[in-house]
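Shown next, in C-alpha coordinates, is the structure this report addresses.
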Amino acid sequence: MIKFLELKDINSLCRDELVAACTRVVDSGWYIGGTELQIFEREFAAYCGTRHCIGVANGLDALVLVIRAWKELGYMSEGDEIIVPSNTYIASVLAISENGLVPVLVEPDPDTRNLCPMAVESAITKKTKAILPVHLYGRMADMPKIMAVAKRHGLLVLEDSAQAHGAHIDGKKAGSWGDASGFSFYPGKNLGALGDAGAVTTNDDKLAVTIRALGNYGSYEKYKNTYRGVNSRLDEVQAACLSVKLKYLDAQTAYRREIAQLYSATITNPLISLPVASEFDASSNSSHVWHVYTVLCDQRDELQKHLAEHGIQTLIHYPIPPHQQQAYSELAGHSYPVAERIHQRILSLPIGPTLSMAEAQVIVSACNSFGRN
Ligand SMILES: *Cc1c(COP(=O)(O)O)cnc(C)c1O
(Lines give C-alpha, C1' and ligand atoms only; values in the text may rest on other atoms or scores of the structure.)
Protein backbone atom coordinates (compact mmCIF):
# COMPACT_ATOMS: atom_id res chain seq x y z
CA MET A 1 0.00 0.00 0.00
CA ILE A 2 1.39 3.43 -0.93
CA LYS A 3 0.09 5.77 1.74
CA PHE A 4 -0.83 9.36 0.92
CA LEU A 5 1.64 10.67 3.47
CA GLU A 6 3.76 8.64 5.88
CA LEU A 7 4.33 10.94 8.84
CA LYS A 8 6.22 8.37 10.85
CA ASP A 9 8.76 7.92 8.06
CA ILE A 10 9.08 11.67 7.58
CA ASN A 11 9.88 12.24 11.24
CA SER A 12 12.17 9.19 11.25
CA LEU A 13 14.42 11.07 8.81
CA CYS A 14 15.55 13.23 11.75
CA ARG A 15 14.39 11.06 14.64
CA ASP A 16 17.56 11.33 16.72
CA GLU A 17 17.57 15.11 16.51
CA LEU A 18 13.87 15.28 17.41
CA VAL A 19 14.40 13.03 20.42
CA ALA A 20 17.38 15.15 21.48
CA ALA A 21 15.31 18.32 21.12
CA CYS A 22 12.47 16.88 23.23
CA THR A 23 14.93 15.62 25.83
CA ARG A 24 16.52 19.05 26.03
CA VAL A 25 13.12 20.60 26.77
CA VAL A 26 12.18 17.91 29.31
CA ASP A 27 15.43 18.49 31.15
CA SER A 28 15.21 22.28 30.96
CA GLY A 29 12.18 22.50 33.23
CA TRP A 30 10.83 25.32 31.05
CA TYR A 31 7.93 24.35 28.79
CA ILE A 32 6.15 27.49 27.59
CA GLY A 33 7.60 30.76 26.31
CA GLY A 34 11.28 30.02 26.64
CA THR A 35 14.43 30.02 24.55
CA GLU A 36 13.29 27.27 22.13
CA LEU A 37 10.39 29.47 21.05
CA GLN A 38 12.60 32.55 20.79
CA ILE A 39 15.07 30.66 18.64
CA PHE A 40 12.44 29.20 16.33
CA GLU A 41 10.66 32.54 15.94
CA ARG A 42 13.94 34.18 14.98
CA GLU A 43 14.82 31.38 12.54
CA PHE A 44 11.42 31.30 10.88
CA ALA A 45 11.23 35.09 10.53
CA ALA A 46 14.67 35.00 8.88
CA TYR A 47 13.56 32.12 6.64
CA CYS A 48 10.47 34.03 5.47
CA GLY A 49 12.27 37.36 5.28
CA THR A 50 10.08 39.19 7.80
CA ARG A 51 10.89 41.25 10.88
CA HIS A 52 8.61 39.26 13.14
CA CYS A 53 7.41 35.73 13.69
CA ILE A 54 4.95 35.13 16.51
CA GLY A 55 4.39 31.52 17.51
CA VAL A 56 0.76 30.60 18.20
CA ALA A 57 -1.14 27.39 18.92
CA ASN A 58 -2.18 26.49 15.36
CA GLY A 59 -2.73 27.87 11.86
CA LEU A 60 -6.35 28.82 12.41
CA ASP A 61 -5.39 30.87 15.46
CA ALA A 62 -2.69 32.62 13.42
CA LEU A 63 -5.31 33.86 10.94
CA VAL A 64 -7.91 34.61 13.63
CA LEU A 65 -5.43 36.62 15.73
CA VAL A 66 -4.28 38.80 12.83
CA ILE A 67 -7.85 39.87 12.09
CA ARG A 68 -8.58 40.27 15.80
CA ALA A 69 -5.50 42.52 16.15
CA TRP A 70 -6.58 44.60 13.15
CA LYS A 71 -9.93 45.10 14.90
CA GLU A 72 -8.22 46.12 18.16
CA LEU A 73 -6.01 48.54 16.21
CA GLY A 74 -9.14 50.11 14.72
CA TYR A 75 -8.52 49.08 11.10
CA MET A 76 -11.79 47.15 10.77
CA SER A 77 -14.83 46.18 12.77
CA GLU A 78 -17.60 43.62 12.89
CA GLY A 79 -19.74 43.60 9.76
CA ASP A 80 -16.84 44.61 7.49
CA GLU A 81 -15.91 42.36 4.60
CA ILE A 82 -12.83 40.30 3.79
CA ILE A 83 -12.34 38.72 0.38
CA VAL A 84 -11.34 35.04 0.41
CA PRO A 85 -11.18 32.38 -2.34
CA SER A 86 -14.33 30.27 -2.80
CA ASN A 87 -12.33 27.03 -3.04
CA THR A 88 -10.17 27.41 0.07
CA TYR A 89 -9.93 25.16 3.10
CA ILE A 90 -12.59 26.11 5.65
CA ALA A 91 -10.06 27.59 8.13
CA SER A 92 -9.48 30.69 5.97
CA VAL A 93 -13.22 31.42 6.06
CA LEU A 94 -13.61 30.58 9.76
CA ALA A 95 -10.91 33.11 10.67
CA ILE A 96 -13.09 35.86 9.19
CA SER A 97 -16.46 34.83 10.61
CA GLU A 98 -14.94 34.05 14.03
CA ASN A 99 -14.15 37.78 14.22
CA GLY A 100 -17.69 38.81 13.25
CA LEU A 101 -16.59 39.95 9.81
CA VAL A 102 -18.20 38.81 6.57
CA PRO A 103 -16.32 36.42 4.27
CA VAL A 104 -16.88 37.44 0.66
CA LEU A 105 -16.11 34.41 -1.48
CA VAL A 106 -14.43 35.14 -4.79
CA GLU A 107 -13.86 32.52 -7.46
CA PRO A 108 -10.35 31.32 -8.22
CA ASP A 109 -8.65 31.21 -11.57
CA PRO A 110 -9.73 27.76 -12.85
CA ASP A 111 -6.16 26.93 -13.93
CA THR A 112 -4.05 28.00 -10.95
CA ARG A 113 -6.96 27.50 -8.51
CA ASN A 114 -5.74 30.60 -6.71
CA LEU A 115 -7.57 33.87 -6.14
CA CYS A 116 -8.13 35.75 -9.40
CA PRO A 117 -6.99 39.40 -8.98
CA MET A 118 -9.54 40.70 -11.48
CA ALA A 119 -12.40 38.95 -9.68
CA VAL A 120 -11.09 40.39 -6.39
CA GLU A 121 -11.27 43.90 -7.75
CA SER A 122 -14.87 43.53 -8.87
CA ALA A 123 -15.92 42.14 -5.45
CA ILE A 124 -14.66 45.20 -3.54
CA THR A 125 -17.37 47.22 -1.78
CA LYS A 126 -17.31 50.14 0.70
CA LYS A 127 -17.17 47.56 3.49
CA THR A 128 -14.17 45.64 2.16
CA LYS A 129 -11.22 45.96 4.52
CA ALA A 130 -8.86 43.16 3.54
CA ILE A 131 -7.99 40.44 1.04
CA LEU A 132 -7.09 36.95 2.28
CA PRO A 133 -5.27 35.12 -0.54
CA VAL A 134 -4.47 31.44 0.07
CA HIS A 135 -1.37 29.85 -1.45
CA LEU A 136 -3.39 26.72 -2.05
CA TYR A 137 -1.61 23.37 -2.46
CA GLY A 138 1.75 25.17 -2.19
CA ARG A 139 1.38 27.41 -5.24
CA MET A 140 1.80 31.13 -4.61
CA ALA A 141 -1.25 33.26 -5.32
CA ASP A 142 -0.58 36.08 -7.78
CA MET A 143 0.78 38.36 -5.06
CA PRO A 144 2.19 41.14 -7.27
CA LYS A 145 -1.27 41.75 -8.75
CA ILE A 146 -3.14 41.18 -5.48
CA MET A 147 -0.88 43.67 -3.67
CA ALA A 148 -1.45 46.18 -6.47
CA VAL A 149 -5.23 45.80 -6.12
CA ALA A 150 -4.93 46.18 -2.33
CA LYS A 151 -2.83 49.30 -2.69
CA ARG A 152 -5.23 50.87 -5.17
CA HIS A 153 -8.16 50.34 -2.81
CA GLY A 154 -6.41 50.86 0.54
CA LEU A 155 -6.96 47.28 1.71
CA LEU A 156 -4.93 45.11 4.06
CA VAL A 157 -3.65 41.71 2.90
CA LEU A 158 -3.49 38.57 5.05
CA GLU A 159 -1.77 35.65 3.34
CA ASP A 160 -2.88 32.15 4.30
CA SER A 161 0.50 30.43 3.93
CA ALA A 162 -0.50 27.22 5.75
CA GLN A 163 0.34 25.14 2.67
CA ALA A 164 3.23 27.16 1.30
CA HIS A 165 6.27 27.21 3.61
CA GLY A 166 9.18 28.33 1.47
CA ALA A 167 7.22 29.10 -1.71
CA HIS A 168 8.31 32.36 -3.33
CA ILE A 169 7.95 34.72 -6.25
CA ASP A 170 11.22 36.28 -7.42
CA GLY A 171 12.82 35.13 -4.19
CA LYS A 172 10.24 36.90 -2.02
CA LYS A 173 8.76 34.23 0.17
CA ALA A 174 5.19 33.35 1.10
CA GLY A 175 4.47 35.15 4.34
CA SER A 176 6.43 38.26 3.41
CA TRP A 177 4.14 39.75 0.73
CA GLY A 178 1.09 40.77 2.71
CA ASP A 179 0.67 42.95 5.79
CA ALA A 180 0.67 39.68 7.74
CA SER A 181 0.54 35.97 7.12
CA GLY A 182 -0.67 32.87 8.95
CA PHE A 183 1.29 29.61 8.92
CA SER A 184 0.25 26.19 10.19
CA PHE A 185 2.71 23.57 11.42
CA TYR A 186 0.07 20.85 11.64
CA PRO A 187 1.96 17.52 11.36
CA GLY A 188 0.99 16.94 7.72
CA LYS A 189 2.07 20.38 6.47
CA ASN A 190 5.38 20.80 4.62
CA LEU A 191 6.91 22.05 7.88
CA GLY A 192 5.08 19.96 10.46
CA ALA A 193 5.38 19.83 14.24
CA LEU A 194 4.66 16.78 16.40
CA GLY A 195 1.30 18.25 17.32
CA ASP A 196 -0.52 21.51 16.74
CA ALA A 197 1.46 24.69 16.13
CA GLY A 198 1.24 27.84 14.04
CA ALA A 199 2.76 31.27 13.53
CA VAL A 200 2.12 34.75 12.25
CA THR A 201 4.75 36.56 10.20
CA THR A 202 4.70 40.32 9.65
CA ASN A 203 6.88 43.39 9.26
CA ASP A 204 4.44 45.51 11.24
CA ASP A 205 5.84 46.16 14.74
CA LYS A 206 2.53 47.35 16.18
CA LEU A 207 0.65 44.38 14.82
CA ALA A 208 3.28 41.98 16.18
CA VAL A 209 3.05 43.24 19.77
CA THR A 210 -0.75 43.30 19.62
CA ILE A 211 -0.86 39.68 18.45
CA ARG A 212 1.56 38.67 21.22
CA ALA A 213 -0.71 40.30 23.77
CA LEU A 214 -3.91 38.82 22.31
CA GLY A 215 -2.45 35.32 22.37
CA ASN A 216 -1.40 35.81 25.96
CA TYR A 217 -4.81 36.54 27.55
CA GLY A 218 -4.80 40.04 26.10
CA SER A 219 -1.94 41.00 28.34
CA TYR A 220 1.20 43.05 27.65
CA GLU A 221 2.19 42.90 31.27
CA LYS A 222 1.56 39.99 33.62
CA TYR A 223 -1.85 40.19 35.35
CA LYS A 224 -2.77 43.36 33.46
CA ASN A 225 -5.34 42.67 30.75
CA THR A 226 -5.66 45.21 27.98
CA TYR A 227 -7.85 43.00 25.76
CA ARG A 228 -10.19 40.09 26.28
CA GLY A 229 -7.56 37.84 24.76
CA VAL A 230 -7.11 34.13 24.31
CA ASN A 231 -4.50 31.54 25.18
CA SER A 232 -2.69 30.65 21.95
CA ARG A 233 0.92 29.63 22.38
CA LEU A 234 3.54 27.56 20.59
CA ASP A 235 5.11 25.42 23.28
CA GLU A 236 8.80 24.68 23.78
CA VAL A 237 8.65 21.04 22.63
CA GLN A 238 7.01 21.99 19.34
CA ALA A 239 9.34 24.96 18.83
CA ALA A 240 12.42 22.78 19.43
CA CYS A 241 11.16 20.14 16.96
CA LEU A 242 10.31 22.81 14.37
CA SER A 243 13.85 24.21 14.55
CA VAL A 244 15.14 20.73 13.75
CA LYS A 245 12.76 20.25 10.83
CA LEU A 246 13.24 23.73 9.36
CA LYS A 247 16.83 22.77 8.49
CA TYR A 248 15.55 20.06 6.16
CA LEU A 249 12.66 21.95 4.62
CA ASP A 250 14.36 23.23 1.48
CA ALA A 251 15.84 19.83 0.61
CA GLN A 252 12.45 18.21 1.14
CA THR A 253 10.77 20.82 -1.02
CA ALA A 254 13.31 20.16 -3.78
CA TYR A 255 12.46 16.46 -3.58
CA ARG A 256 8.71 17.19 -3.72
CA ARG A 257 9.44 19.19 -6.87
CA GLU A 258 11.23 16.21 -8.44
CA ILE A 259 8.19 14.02 -7.85
CA ALA A 260 5.89 16.71 -9.21
CA GLN A 261 8.09 16.98 -12.30
CA LEU A 262 7.92 13.23 -12.81
CA TYR A 263 4.12 13.29 -12.54
CA SER A 264 3.77 16.25 -14.85
CA ALA A 265 6.12 14.78 -17.45
CA THR A 266 4.88 11.19 -17.47
CA ILE A 267 1.17 11.12 -16.58
CA THR A 268 -0.21 11.25 -20.11
CA ASN A 269 -3.74 9.93 -19.67
CA PRO A 270 -6.09 12.32 -21.52
CA LEU A 271 -8.78 11.67 -18.87
CA ILE A 272 -6.56 13.31 -16.24
CA SER A 273 -5.69 17.03 -16.21
CA LEU A 274 -2.47 17.99 -14.51
CA PRO A 275 -1.68 21.20 -12.64
CA VAL A 276 -0.84 23.95 -15.10
CA ALA A 277 2.45 25.74 -14.98
CA SER A 278 1.48 29.21 -13.83
CA GLU A 279 3.17 32.29 -15.17
CA PHE A 280 5.44 32.03 -12.12
CA ASP A 281 6.40 28.40 -12.63
CA ALA A 282 7.40 29.25 -16.17
CA SER A 283 10.18 31.46 -14.83
CA SER A 284 12.72 29.82 -12.57
CA ASN A 285 12.31 32.84 -10.32
CA SER A 286 9.39 31.40 -8.48
CA SER A 287 8.43 28.22 -6.84
CA HIS A 288 5.55 25.94 -6.04
CA VAL A 289 6.28 23.83 -2.95
CA TRP A 290 3.83 21.03 -3.82
CA HIS A 291 2.12 20.62 -0.48
CA VAL A 292 -0.25 18.51 -2.54
CA TYR A 293 -0.15 17.43 -6.18
CA THR A 294 -3.70 17.66 -7.46
CA VAL A 295 -5.16 16.36 -10.69
CA LEU A 296 -8.61 16.94 -12.15
CA CYS A 297 -10.71 14.15 -13.60
CA ASP A 298 -14.37 14.07 -14.70
CA GLN A 299 -14.55 10.49 -13.35
CA ARG A 300 -12.75 11.42 -10.13
CA ASP A 301 -14.41 8.81 -7.93
CA GLU A 302 -13.67 6.04 -10.43
CA LEU A 303 -10.06 7.23 -10.67
CA GLN A 304 -9.74 7.16 -6.89
CA LYS A 305 -11.15 3.62 -6.85
CA HIS A 306 -8.82 2.52 -9.67
CA LEU A 307 -5.78 3.87 -7.80
CA ALA A 308 -6.94 2.19 -4.57
CA GLU A 309 -7.15 -1.11 -6.47
CA HIS A 310 -3.51 -0.53 -7.39
CA GLY A 311 -2.64 -0.02 -3.73
CA ILE A 312 -2.45 3.77 -3.89
CA GLN A 313 -4.09 5.97 -1.26
CA THR A 314 -5.34 9.33 -2.51
CA LEU A 315 -7.24 12.14 -0.80
CA ILE A 316 -9.65 14.86 -1.90
CA HIS A 317 -8.70 18.46 -1.06
CA TYR A 318 -11.56 19.24 -0.58
CA PRO A 319 -14.80 17.34 -1.16
CA ILE A 320 -17.19 20.18 -0.15
CA PRO A 321 -16.56 23.89 -0.85
CA PRO A 322 -17.14 26.36 2.04
CA HIS A 323 -20.42 27.74 0.62
CA GLN A 324 -21.94 24.24 0.62
CA GLN A 325 -21.00 23.50 4.23
CA GLN A 326 -23.78 23.31 6.79
CA ALA A 327 -21.77 25.78 8.91
CA TYR A 328 -22.29 28.44 6.22
CA SER A 329 -25.92 27.73 5.33
CA GLU A 330 -26.46 31.45 4.66
CA LEU A 331 -24.27 30.99 1.56
CA ALA A 332 -26.23 27.99 0.30
CA GLY A 333 -28.24 30.04 -2.20
CA HIS A 334 -25.11 31.36 -3.88
CA SER A 335 -23.43 29.58 -6.70
CA TYR A 336 -19.67 29.44 -7.19
CA PRO A 337 -19.41 27.30 -10.32
CA VAL A 338 -15.61 27.42 -10.60
CA ALA A 339 -15.16 26.19 -7.03
CA GLU A 340 -17.93 23.61 -7.41
CA ARG A 341 -16.37 22.18 -10.55
CA ILE A 342 -12.96 21.97 -8.86
CA HIS A 343 -14.37 20.24 -5.80
CA GLN A 344 -16.22 17.68 -7.95
CA ARG A 345 -13.17 16.76 -10.02
CA ILE A 346 -10.12 17.19 -7.82
CA LEU A 347 -7.91 14.39 -6.48
CA SER A 348 -4.57 14.55 -4.64
CA LEU A 349 -1.85 12.03 -5.48
CA PRO A 350 0.71 10.99 -2.87
CA ILE A 351 3.73 13.31 -2.67
CA GLY A 352 6.23 13.89 0.09
CA PRO A 353 9.83 13.58 1.25
CA THR A 354 9.64 9.82 1.83
CA LEU A 355 7.72 8.73 -1.26
CA SER A 356 10.28 6.84 -3.33
CA MET A 357 10.75 7.50 -7.04
CA ALA A 358 9.84 3.82 -7.62
CA GLU A 359 6.55 4.39 -5.81
CA ALA A 360 5.99 7.55 -7.84
CA GLN A 361 6.50 5.46 -11.01
CA VAL A 362 3.88 2.98 -9.80
CA ILE A 363 1.48 5.89 -9.31
CA VAL A 364 2.22 7.21 -12.81
CA SER A 365 1.57 3.79 -14.37
CA ALA A 366 -1.69 3.37 -12.46
CA CYS A 367 -2.83 6.83 -13.60
CA ASN A 368 -1.94 6.01 -17.18
CA SER A 369 -3.84 2.70 -17.12
CA PHE A 370 -7.05 4.36 -15.88
CA GLY A 371 -9.93 3.93 -18.32
CA ARG A 372 -8.04 1.47 -20.50
CA ASN A 373 -9.17 -1.83 -19.04
C1 LIG B 1 -4.07 23.60 7.55
C2 LIG B 1 -4.65 24.87 7.07
C3 LIG B 1 -5.07 25.87 7.96
C4 LIG B 1 -5.23 25.67 9.44
O5 LIG B 1 -4.13 25.20 10.11
P6 LIG B 1 -4.31 24.42 11.50
O7 LIG B 1 -2.95 24.39 12.06
O8 LIG B 1 -4.85 23.06 11.18
O9 LIG B 1 -5.26 25.20 12.35
C10 LIG B 1 -5.49 27.07 7.43
N11 LIG B 1 -5.51 27.29 6.11
C12 LIG B 1 -5.14 26.34 5.22
C13 LIG B 1 -5.17 26.66 3.76
C14 LIG B 1 -4.70 25.10 5.67
O15 LIG B 1 -4.33 24.17 4.78
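The values are calculated or read from the model by the stated rules, or taken from the named source; none is laboratory data. Model, not experiment: these values are computed from the prediction. With ideal geometry, Cβ positions are generated from the backbone for all residues, glycine too; neighbour counts draw on all protein chains shown.
State all residues of the range 134-149 that are surrounded by fewer than 23 Cβ atoms within 10 Å (Cβ to Cβ) and among the small types (Gly, Ala, Ser); if no residue qualifies, say none.
Once the filter is applied, which keeps residues that are surrounded by fewer than 23 Cβ atoms within 10 Å (Cβ to Cβ) and among the small types (Gly, Ala, Ser), the range 134-149 yields only ALA148.
Within the set of pairs 6 or more residues apart or between chains, which connect a residue that is within 27 Å of SER273 (Cβ to Cβ) inside the range 112-128 to a residue that is among the small types (Gly, Ala, Ser) with Cβ atoms less than 6 Å apart?
THR112/SER278; ASN114/ALA141; LEU115/ALA141
How many residues, within the range 343-373, are in contact with a strand residue (DSSP E or B) (Cβ under 7 Å, 6 or more places away or on another chain) and either of a type in the set (A, V, I, L, M) or closer than 30 Å to LYS245 by Cα (or both)?
The number of residues fulfilling the criteria is 10.
Enumerate the pairs (first residue in the range 290-301 and farther than 9 Å from LEU347 by Cβ; second residue anywhere and among the hydroxyl-bearing types (Ser, Thr, Tyr) and within 15 Å of the ligand (Cβ to nearest atom)) with beta-carbon separation below 6 Å, excluding pairs fewer than 6 apart on the same chain, so at least 6 apart or on different chains.
Sorted first by the residue in the range 290-301, then by its partner, the pairs are HIS291/TYR137; VAL292/TYR137; VAL292/SER348.
What's the total number of residues in the range 283-332 that are within 16 Å of the ligand (Cβ to nearest atom), over 24 Å from LEU105 (Cβ atoms) and in contact with a strand residue (DSSP E or B) (Cβ under 7 Å, 6 or more places away or on another chain)?
Residues flagged as within 16 Å of the ligand (Cβ to nearest atom), over 24 Å from LEU105 (Cβ atoms) and in contact with a strand residue (DSSP E or B) (Cβ under 7 Å, 6 or more places away or on another chain) within the range 283-332 amount to 1.
With a cut-off of at least 1 residues that are under 30 Å from LEU249 (Cβ atoms) and within 16 Å of the chain's Cα centre (by Cα), name the strands (runs of 3 or more DSSP E) lying wholly within the range 79-196. Let's see the steps before the verdict.
Working: elements: 81-85, 102-106, 128-131, 156-160, 180-184.
Those strands (runs of 3 or more DSSP E) span 81-85, 128-131, 156-160, 180-184.
Given the residues GLY195, GLY182, which is the only one that is modelled with pLDDT of 95 or more, within 11 Å of the ligand (Cβ to nearest atom) and surrounded by fewer than 23 Cβ atoms within 10 Å (Cβ to Cβ)?
On the way: GLY182 fails: surrounded by fewer than 23 Cβ atoms within 10 Å (Cβ to Cβ).
Step by step, each of GLY195, GLY182 is checked, and only GLY195 is modelled with pLDDT of 95 or more, within 11 Å of the ligand (Cβ to nearest atom) and surrounded by fewer than 23 Cβ atoms within 10 Å (Cβ to Cβ).
Answer yes if at least one residue in the range 320-339 is of a type in the set (Val, Ile, Thr) and part of a loop (DSSP other than H, G, I, E, B), and no otherwise.
yes
Take the residues in the range 24-53 that are surrounded by 16 or more Cβ atoms within 10 Å (Cβ to Cβ) and β-branched (Val, Ile, Thr); name whichever of them is farthest from the ligand (Cβ to nearest atom).
Restricting to residues being surrounded by 16 or more Cβ atoms within 10 Å (Cβ to Cβ) and β-branched (Val, Ile, Thr), the top hit is VAL25.
Look at the range 343-373 and say how many of its residues are assigned to a loop (DSSP other than H, G, I, E, B) and buried (at least 19 other Cβ atoms within 10 Å of the Cβ).
Here the count works out to 6.
For the range 180-204, enumerate the residues that are farther than 12 Å from ILE54 by Cβ and among the acidic types (Asp, Glu).
Hit for the range 180-204 is ASP196, nothing else.
Within the range 314-344, how many residues are without any contact (Cβ under 8 Å) to a residue 60 or more places away in the chain and charged (D, E, K, R)?
Residues flagged as without any contact (Cβ under 8 Å) to a residue 60 or more places away in the chain and charged (D, E, K, R) within the range 314-344 amount to 2.
Conditions tested, residue by residue: (1) free of Cβ contacts under 8 Å to residues at least 60 places away in the same chain; (2) of a type in the set (Gly, Ala, Ser); (3) touching a Phe, Trp or Tyr at 6+ places or on another chain (Cβ under 8 Å); (4) on the phi < 0 side of the Ramachandran plot.
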residue	(1), (2), (3), (4)
LEU274	yes, no, yes, yes
SER286	no, yes, yes, yes
LEU303	no, no, yes, yes
ALA308	yes, yes, no, yes
ILE351	no, no, yes, yes
THR354	no, no, no, yes
PHE370	no, no, no, yes
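Which members of the range 198-226 meet the condition of being touching a Ser or Thr at 6+ places or on another chain (Cβ under 8 Å), assigned to a loop (DSSP other than H, G, I, E, B) and in contact (Cβ under 8 Å) with a residue 40 or more places away in the chain?
The answer is ASN203, GLY215.
Inside the range 50-78, can you point out the residues that are closer than 20 Å to VAL209 by Cβ and either in a loop (DSSP other than H, G, I, E, B) or among the charged types (D, E, K, R) (or both)?
The answer is THR50, ARG51, ALA57, ASP61, ARG68, LYS71, GLU72, LEU73, GLY74, TYR75, MET76.
Step by step: first the residues of the range 54-103, then only those that are farther than 21 Å from LEU234 by Cα and near the ligand (Cβ under 10 Å from one of its atoms), then the one that is surrounded by the most Cβ atoms within 10 Å (Cβ to Cβ). Which residue is that?
Result: PRO85.
Quick one: count up the residues across the range 237-272 that are in contact (Cβ under 8 Å) with a residue 40 or more places away in the chain and over 23 Å from HIS168 (Cβ atoms).
11
Which members of the range 261-294 meet the condition of being modelled with pLDDT of 95 or more, out of contact with any Leu (no Cβ under 6 Å at 6 or more places or on another chain) and polar (S, T, N, Q)?
THR266, THR268, ASN269, THR294, listed by residue number.
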